[in-house]
Amino acid sequence: MISLSGVSRQHGAQVVLRAVTLRFLPKQRTAVVGPNGAGKTTLLRLIAGEEEPDDGTVSRVRGTTVGYLHQDVSEGTDRSVLDHVLDAAADLRDAEAHLAHLAEQMDATPPGEEHDALVEEYGHLEERFRTLGGYTLESEAQRILAGLGFAPDDGERPLGELSGGWRMRAALAGLLLDRPDVLLLDEPTNHLDLDAIRWLEETLASYPGSLVVVSHDRDFINAVADRVVEVHSGEATEYAGNYEAFVEQRELRIDQLLAARRNQDRQLAQTERFIERFRYKATKARQVQSRVKALERTERIEVPTDARPTARFRFPDPPRGPRVLIELSGASAGYDSEAVIRDVDLAVERGQKIALVGPNGAGKSTLLKLLTGELAPLAGDHRLAPRAAVAVYDQHQADTLRPDRTVLAEFLAAADDQLRKQVEARRTLGAFLFPGDLVEKPVGVLSGGERARLALARLMIGNANLLVLDEPTNHLDIPSRDVLEDSLVEFAGAVVLVTHDRHLIRAVADTIVEVRDGRAVVHAGDWEHYLWRKGGEEEIVAATRRPEQARDAGAGASAETAAERKERKRLAAEKRNALHRETRSLQNRVERLEREVTAAEARVADLQRLLADPAVYEDEARVKELVREHGEAKDEAARLMDAWEAASVELDAATARVEARFA
């Protein structure tokens, strides 16, 4: 569908992508990962045609439609949310308008040839309109909006009234309604709650086109991706499978590269010793020169730097507080005397790690403000222990940093006496991915993710024995999230956490508080235990979806018993295992041939560029050699393409046989 061949892109003096060659095939699910600033968004913009490569080519099959969800959506308009979503299906809206116009013409035209022609045109257009789902377009748009968390009446609200996060959801709804051949999503889960993320995962699982998603949400990648492309240091490396498979394969690849690099280093050292030993010996001059040239021609093996921090740091133990730091008893809180949450009974104990979960707008942030005392209770009691020291991180915490200070100076301004020494401060900042001279960078030039890391580092080396964190993973890439996860696990104080990152909740929380419908229900135990008690994530979504959404999602569906659900999951697992077992070798062959086809096509393109250079034709022998190589390269590319097509057909047949057994 879309292929990149030898693509390079440079922003100013920074080389973002270097000689990248990738192919995006129909129905393929690709996750693009890598640290912030590595070039992931640039890759999406190149695929979408919003940027042009400095070198190389981006090819698209004629007629391929591309939909692109940006991280930042445009300002809203006075048009309603529903109209905005329906506008995405412009072809169907145009066809609907044309049908209405034809109907008016037919009513105004007397019987005869002209009327018959209008009737025939109307019939053809109406059949196409019906086939493409035109008559169910609005109900489908309402279903998608409901799945993304919009209330039934939200469709009539002006888009301009919504926050940036909800406008992003509306833009995503439009793309899902339009269903382009290639769907590009840049951080689609950033503004979604857990229910909406789960719904999106299920929707993308059955998406008919090709998917390319940039995400730092590991659980989301595991659910939707069958290929991972890592963008790092200007290169793009492919891995088959989801995020877990990517981590395993990447570690194996790095081990192999390290071994090859060590072997190369030994050989180079031997060569250098020979040169140094015999440099001035006349009888060895020819051999020395040969080795010098060999050294110059040697392409050094590059090992990707692991994004995980090498420095480890144990945070100073916070001051020991009482057993119960904060306690709410029958507390209600809200705004303008109207309660958002009611009758909350919650105690935050020393060393406890609590995660607040629930849909957006349910009252999680209100509960945080009630806990910290920012909001006074409308009813009930709020008790803060005298020796409780609370530190709060909200979504705008990074904006409070002083831009004129360096990273080190800003960090030291918040550090206690134990960390006043620069050596200790540098070690701590190294653990938060500010190694070496990066601590001397001005805060004003830091990226959003770097600012967030610095704000978290300042927060966690203070004297607080209770951390209250509201969406701390926003703007953080996966290595930065690993740092936060390790820090919270090691932190000896208590933590109250609001996040939609299930990986972080799973790693940190020992208590789950579900905030929903104005209530806060405490579930003792970790995330997995919470899901087990609730009957699994699928049951959470089904049980808590608004009645209107449930009817939209599937009116008339009969309730599934526990035994039927268990049997369905067992059959699904058997089917997955059979598919993996019986198609694995074919899948590997198809993937290997895809890589060989890509390399062969790149070789043909290189030779075509050489033959297009007029200077080449000054050397007749060189021209003949290039023409011969070009012909052989084209034949090889055609042979590999035939082999790939045959292997793909064989794979489809094997998959169909397995599908038929479990139908």
Placed amide H near HIS523: partners under 5 Å, 5+ positions off or other chain: ILE512, VAL513, GLU514
Rounded percent of accessible protein surface that carbon and sulfur make up, segment 360-455, 1.4 Å probe: 50
Segment 368-495: relative contact order in percent, alpha carbon pairs under 8 Å with at least 6 residues between: 33
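With a 1.4 Å probe and all protein chains in place, put SER3, SER233 in order of accessible area, largest first.
Details: SER3 30, SER233 80 Å².
So, going from the largest accessible area down, we get SER233, SER3.
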1.4 Å probe accessible area per residue over segment 603-647, in Å²: 67
Exposure of GLU632 as accessible area (Å², to 10), given a probe of 1.4 Å and all protein chains: 100
Gain upon complete extension [MET106, GLN267; 0.36 nm per residue less C-alpha separation]: 49.5 nm
Peptide ranges 599-612, 501-514 listed from the most packed, as the mean C-beta count within 10 angstrom indicates: 501-514, 599-612
Rounded percent of accessible protein surface that carbon and sulfur make up, segment 170-263, 1.4 Å probe: 44
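Which FRET efficiency value, to the nearest 0.05, do you get for ARG79 and ALA413 by plugging their Cβ-Cβ distance into 1/(1 + (r/R0)^6) with R0 = 41 Å? Kindly include the intermediate steps, with their values, before the conclusion.
Numbers: r = 47 Å, r/R0 = 1.15.
Taking R0 as 41 Å, the efficiency between ARG79 and ALA413 is 0.30.
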Segment 1-74: trypsin sites (Lys or Arg not before Pro) in DSSP loop, at most 16 other beta carbons within 10 Å: LYS27, ARG62
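At 1.4 Å probe radius, can you tell me the per residue accessible area of segment 312-391 in Å²?
Working: 3890 Å² over 80 residues.
Using a 1.4 Å probe on heavy atoms only, each residue of segment 312-391 averages 49 Å².
Fully extended, how many nm does the chain gain between GLU650 and ASP153 (0.36 nm per residue separation, minus their Cα-Cα distance)?
Contour length minus the Cα-Cα distance gives 174.0 nm.
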Distance violations [Cα-Cα > 32 Å] among LYS364/LYS575; LYS369/LYS441; LYS27/LYS634; LYS534/LYS575: LYS364/LYS575; LYS369/LYS441
By accessible area with a 1.4 Å probe, ligands and nucleic acids excluded, highest first: order of ASP107, ASP652, ASP477: ASP107, ASP652, ASP477
Inter-label distance, nm, simple model (7 Å from Cα along the C-beta direction), ALA347/SER139: 5.3
Pair ASN463, ASP619: separation of 7 Å Cα→Cβ label points (nm): 7.6
Separation in nanometres of the label points that stand 7 Å from Cα toward Cβ, at ALA97 and GLU52: 3.1
Per residue solvent-accessible surface (Å²) - segment 136-229, probe of 1.4 Å: 29
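Fully extended, how many nm does the chain gain between ALA524 and HIS580 (0.36 nm per residue separation, minus their Cα-Cα distance)? Could the numbers behind the result be given before it?
On the way: separation 56, 0.36 × 56 = 20.16 nm, distance 3.74 nm.
Gain on stretching ALA524 to HIS580: 16.4 nm.
Take every Cα pair under 8 Å in the chain that's 6+ residues apart, average their separations, divide by the length, and report that relative contact order as a whole percent. Working shown, then result.
Details: 1004 pairs, mean separation 82.8, N = 663.
Relative contact order here is 12 percent.
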FRET efficiency, MET641 to HIS11 (Cβ-Cβ, R0 30 Å, nearest 0.05): 0.30
Longest DSSP-loop-exposure-free segment, chymotrypsin sites (Phe, Trp or Tyr not before Pro), the chain, at most 16 other Cβ within 10 Å: 281-661
Which label in (i) 1.15; (ii) 1.58; (iii) 1.07 gives the computed Cα Rg over 2.2 N^0.38 Å: (i)
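Once the Cβ-Cβ distance between SER206 and ARG60 is put in as r, and R0 is 25 Å, what FRET efficiency do you end up with, to the nearest 0.05? Could you put the intermediate results ahead of the total?
On the way: r = 24 Å, r/R0 = 0.96.
Efficiency, rounded to the nearest 0.05: 0.55.
Could you grab the relative contact order for segment 130-204? Cα pairs under 8 Å, six or more apart, rounded to a whole percent.
On the way: 35 pairs, mean separation 28.7, N = 75.
It rounds to 38 percent for segment 130-204.
The values are calculated or read from the model by the stated rules, or taken from the named source; none is laboratory data. Since the structure is predicted, the reported quantities are computational estimates derived from the model, not experimental observations. Counting neighbours? That spans all protein chains shown, and the Cβs are built from the backbone with ideal geometry, glycine included. The protein model used for the area step is the full one, side chains on, heavy atoms only, and it has no ligands, DNA or RNA in it. Shrake-Rupley method; radii C 1.70, N 1.55, O 1.52, S 1.80 Å.
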